[in-house]
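Notes follow once the structure below has been shown.
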Amino acid sequence: MPAKIAVVGSLNMDLVVRAPHMPIPGETVIGSDFRTIPGGKGANQAVAAARLGAEVTMIGRVGDDDFGRAQLRNLGELGIDTTHVIVDPEAATGIALITLDASGQNSIVLASGANMRLAREDINAAQVTIVQSDVLVLQLESPLEVVTYAIDIAHAEGVKVILNPAPARPLPEETLARLDYLIPNESETALLTGIEVTDIHSAKEAAERLREEGVGTVILTLGARGAFLVSAEESVHVPGYKVEVVDTTAAGDAFVGGLAVALAQGQNLAEAARYANAAGALAVTRLGAQPSLPTRQEVEEFMKGRS
Ligand code: ADP
């Protein structure tokens, strides 16, 4: 049986352009290679889980515009159920205007649009799907009040909850206590705990701090260093895989999708983290966000070659 995963989160269109340098105020710079790429952390994590073989439902909002329709088409083509992606006539689809300069720096303007109009009624409409899922995955590119509402519903029904707290913001204590899994990266961890993660020792300290705040299991992602896990039973570093880095965009989304699928299929925590590390590692070897997310077969072959 495929893992059943519900994702509550953002759908954006990334509008990406290359420029020789960033424009200063009032300046026009001649850019090139303009591309529109479906993104948003919610949609990326939904795609990550679907490529890894899960049955995925996306819950979110897009505008009644071409970018929204493109998102729905894209998710639909990947077999993701978009019944609960509301088309909102009052707002534009979320977009990210991304400029990449010659030195590889990026600058981003994000307009959340319809994502920030996600409402409790949207969660209520998807309630049956959520409670029938193995895992509910959420991020913080949607209204916090709605994210916490969805967490409450899943938690009350015994559905495992994974929160990727990105972009980071302080979280209510009662929400932390209802999370089965919290997956922050290093900078999100620093914001949530005040502890700068610089090595395995500080990673352990920060993860333990978050667990003391009531989270069931904390999984810090550490870039090339892999992940640090702290649960009631164990506190362990799961090293990352050595790969050639092309573009780290969506590494975190690949990891979250990988972890959700592996846990939903009954792998234990350390095994699931190794699987998620493999998904993250493959994502950094390729350019872009969604196009870089690996399939189940790619992850399995990659791990076979390295264990
Ligand atoms: P984010 O993309 O959210 O900042 P990280 O940089 O921690 O998150 O990356 C998420 C996961 O992707 C890591 O835990 C690891 O499994 C994998 N990963 C990221 N960067 C690398 C890398 N340079 N080499 C191998 N794996 C990587």
Exercise for review: Tell me which of these GLU90 doesn't satisfy, since it passes every other one: (1) under 18 Å from PRO165 (Cβ atoms); (2) open to solvent by 20 Å² or more (accessible area, probe 1.4 Å).
Suggested key: (1)
Check your understanding: Scanning the range 36-49 for residues that are open to solvent by 20 Å² or more (accessible area, probe 1.4 Å) and over 8 Å from the mean Cα position of the chain (by Cα), which turns out nearest to SER142 (Cα to Cα)?
Key -> PRO38
**Study point:** Odd one out for GLY252, checked against (1) part of a loop (DSSP other than H, G, I, E, B); (2) over 23 Å from ASP152 (Cα atoms)
**Key:** (1)
Practice item. Return only the number of the condition from (1) open to solvent by less than 10 Å² (accessible area, probe 1.4 Å); (2) farther than 29 Å from ASN106 by Cβ; (3) in a loop (DSSP other than H, G, I, E, B) that PRO294 does not satisfy. Key: (2)
**Study point:** Selection within the range 177-221 - among the acidic types (Asp, Glu) and within 18 Å of LEU140 (Cβ to Cβ)
**Key:** ASP180, GLU186, GLU188, GLU213
**Study point:** Residue among TYR241, TYR275 that alone is aromatic (Phe, Trp, Tyr), part of a helix (DSSP H, G or I) and over 16 Å from VAL137 (Cα atoms)
**Key:** TYR275
**Study point:** Answer residue from the range 236-250, given it is open to solvent by less than 50 Å² (accessible area, probe 1.4 Å) and within 24 Å of LEU176 (Cβ to Cβ) and is nearest to the ligand (Cβ to nearest atom) among those
**Key:** VAL238
Point to revise | Test: VAL62 is open to solvent by 40 Å² or more (accessible area, probe 1.4 Å) and of a type outside the set (S, T, N, Q) | key: no
Review point. Which condition number does THR28 fail, the rest of (1) in contact (Cβ under 8 Å) with a residue 24 or more places away in the chain; (2) open to solvent by 10 Å² or more (accessible area, probe 1.4 Å) being met?
Key: (1)
Practice item. Look at PHE302 and say whether it is more than 7 Å from the ligand (Cβ to nearest atom) and in contact (Cβ under 8 Å) with a residue 12 or more places away in the chain. Key: yes
Review point. Does ASP33 qualify as being at pLDDT below 95, more than 21 Å from ALA283 (Cα to Cα), open to solvent by 70 Å² or more (accessible area, probe 1.4 Å) and among the acidic types (Asp, Glu)?
Key: yes
Point to revise | All positions within the range 255-268 that are open to solvent by less than 20 Å² (accessible area, probe 1.4 Å) and either away from the ligand (no atom under 14 Å from the Cβ) or not in a helix (DSSP H, G or I) (or both) | key: VAL261
Study note, to complete from the structure: Restricted to the range 99-113 and to residues being outside any loop (DSSP other than H, G, I, E, B) and more than 14 Å from VAL17 (Cα to Cα), the residue most open to solvent (accessible area, probe 1.4 Å) is LEU110
Practice item. Determine whether the range 285-299 contains at least one residue that is near the ligand (Cβ under 9 Å from one of its atoms) and free of Cβ contacts under 8 Å to residues at least 60 places away in the same chain. Key: yes
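The values are calculated or read from the model by the stated rules, or taken from the named source; none is laboratory data. All figures in this text were calculated on a predicted structure; none of them were measured in a lab. We place every Cβ from the backbone using ideal geometry, glycine too, and count neighbours over all the protein chains shown. Ligands, DNA and RNA are stripped out before the accessible areas are found, and what is left, the full protein with its side chains, is counted by its heavy atoms. Shrake-Rupley method; radii C 1.70, N 1.55, O 1.52, S 1.80 Å.
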